[in-house]
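Note sheet for the following structure.
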Amino acid sequence: TDVAYSASLALLVKSGRVSVSSQLLTVLVQVLSETHTECTDEWLGRFAELDAAYRTALDKDESMSSDERGRLQRLHLQFLKKGLQWSNDLGKIRFGAMGMHALLGDHCWNMSCDEAVVGTEAERKEAAAKITSQDSEEDDDEFEEEDFEIGLRNEAVSHYALAEQVTTILDKLKSLPEPTAEEQTMGHVCLPSQRDALLTRSILVLLAIENLRDARKLVSAYLEEVETSRTPAELKKSYLDKTDGKAPSHIMFVCMLVRICEKDTKTAPLFNWLVRNFGAELGTMHDPEVVKTYTTKIGRVYFDIQPPPNMMDMMENMMGMMGGGMGGAPGGGMNPMMAAMQAMQGGGM
């Protein structure tokens, strides 16, 4: 393992031979797993060193074709994913080492900004339209889902959440444009804005891994630093108003979700109502089945809502890969929306 590490680093730093080193890196992570090498801080530092050297060498090679660059970016993504799996199997942290998640988050986000991976703006629009057309009869085997810009960014924020890098998530959200009028229209068929969707994805991941602290921190910081065009009072009013033509806002949904999760299992009916009420919006997000898996996990963890056996298996498999009808209205007949609002206000959010 030491030889593979040293040889890979030398090829990258001294020779800039990215293609050859990518093969050695594949061997390295395979040997680490097969020899049951423990995931230590030293090895995590080595992964960070190799990652930095790889990206530097890749960026320095100006003669490389776009196709080759895209191929090497994807190979490095697979290397980091295998490294994460190794850190999960032979480390001490559930779902894998935070350092590996941070490396993967950075790489996924960088890939999402690389035209060699996600294509030109015109190609990205075509890909986004294809994602939206869920009932399309066309064969889409030529498209790799992880290559889509939004798919990579979903992966990125999920890894940042698992690395407990809330500040990084917030910085990424700040860099994205505000939702368009179409994206905020009630009943829209387009994907929600990336800023909204990635906020919701981040909160769902944080809650699913039982990190309420960072979920609340992200929601509060988002309201203060990102959602500046509308006040909390305006957001609440719009969420309640079914006649203003606006889709329910993501920030209000996650605000209420976090507050409800801070309560007890008695608020399960309120949780079910909230998710069902926001279901149409969740259904327009990228990979809605994964979103459903997160909400199912949250329901089980916080409210003891047991999913069907097939959903349980899917949920456990997906969470492993990270490393890897409403009853009576709560609050004595109180309108569920008002109950949710009061739950949110009760925490000073």
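The values are calculated or read from the model by the stated rules, or taken from the named source; none is laboratory data. Please read all numbers here as calculations on a predicted model, not as lab measurements. Please note: Cβ atoms are built from the backbone with ideal geometry, for glycine as well, and neighbour counts cover all protein chains shown. These area figures cover heavy atoms from the full protein model, side chains too; ligands, DNA and RNA do not enter into them. Shrake-Rupley method; radii C 1.70, N 1.55, O 1.52, S 1.80 Å.
Tabulated data
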item: Single match in GLU38, GLU42 (criterion: in contact with a Leu (Cβ under 7 Å, 6 or more places away or on another chain) and either loosely packed, with under 14 Cβ neighbours inside 10 Å or closer than 24 Å to ALA163 by Cα (or both)); result: GLU38
item: Residues satisfying the stated conditions in segment 83-111, i.e. over 18 Å from the mean Cα position of the chain (by Cα) and either part of a helix (DSSP H, G or I) or closer than 16 Å to LEU152 by Cα (or both); result: GLY83, TRP86, SER87, ASN88, ASP89, LEU90
item: Extreme residue, farthest from ILE305 (Cα to Cα), among residues of segment 193-222 that are in a loop (DSSP other than H, G, I, E, B) and open to solvent by 10 Å² or more (accessible area, probe 1.4 Å); result: ASN211
item: Meets criteria (in contact with a strand residue (DSSP E or B) (Cβ under 6 Å, 6 or more places away or on another chain) and at pLDDT 85 or above) for GLN184; result: yes
item: Positions within segment 14-47 being hydrophobic (A, V, I, L, M, F, W, C) and over 18 Å from LYS92 (Cβ atoms), in sequence order; result: VAL18, VAL20, LEU24, LEU25, VAL27, LEU28, VAL29, VAL31
item: Condition check for GLU155: buried (at least 20 other Cβ atoms within 10 Å of the Cβ), of a type in the set (D, E, K, R), part of a loop (DSSP other than H, G, I, E, B) and out of contact with any Lys or Arg (no Cβ under 7 Å at 6 or more places or on another chain); result: no
item: Within segment 53-95, tally of residues that are closer than 14 Å to VAL13 by Cα and crowded, with 17+ Cβ neighbours inside 10 Å; result: 5
item: Of all residues in segment 117-137 being under 21 Å from SER175 (Cα atoms) and either at pLDDT below 70 or part of a helix (DSSP H, G or I) (or both), the one that is most open to solvent (accessible area, probe 1.4 Å); result: LYS125
item: Of residues in segment 15-35 being assigned to a helix (DSSP H, G or I) and among the β-branched types (Val, Ile, Thr), the one surrounded by the most Cβ atoms within 10 Å (Cβ to Cβ); result: VAL18
item: Subset of segment 60-82 (residues that are polar (S, T, N, Q) and over 17 Å from LEU152 (Cα atoms)); result: SER63, SER65, SER66
item: Candidates LEU50, LEU12, filtered to the one that is at pLDDT below 95, part of a helix (DSSP H, G or I) and open to solvent by less than 40 Å² (accessible area, probe 1.4 Å); result: LEU12
item: Test: LYS60 is more than 29 Å from the chain's Cα centre (by Cα), closer than 23 Å to GLY105 by Cα and of a type in the set (Lys, Arg); result: yes
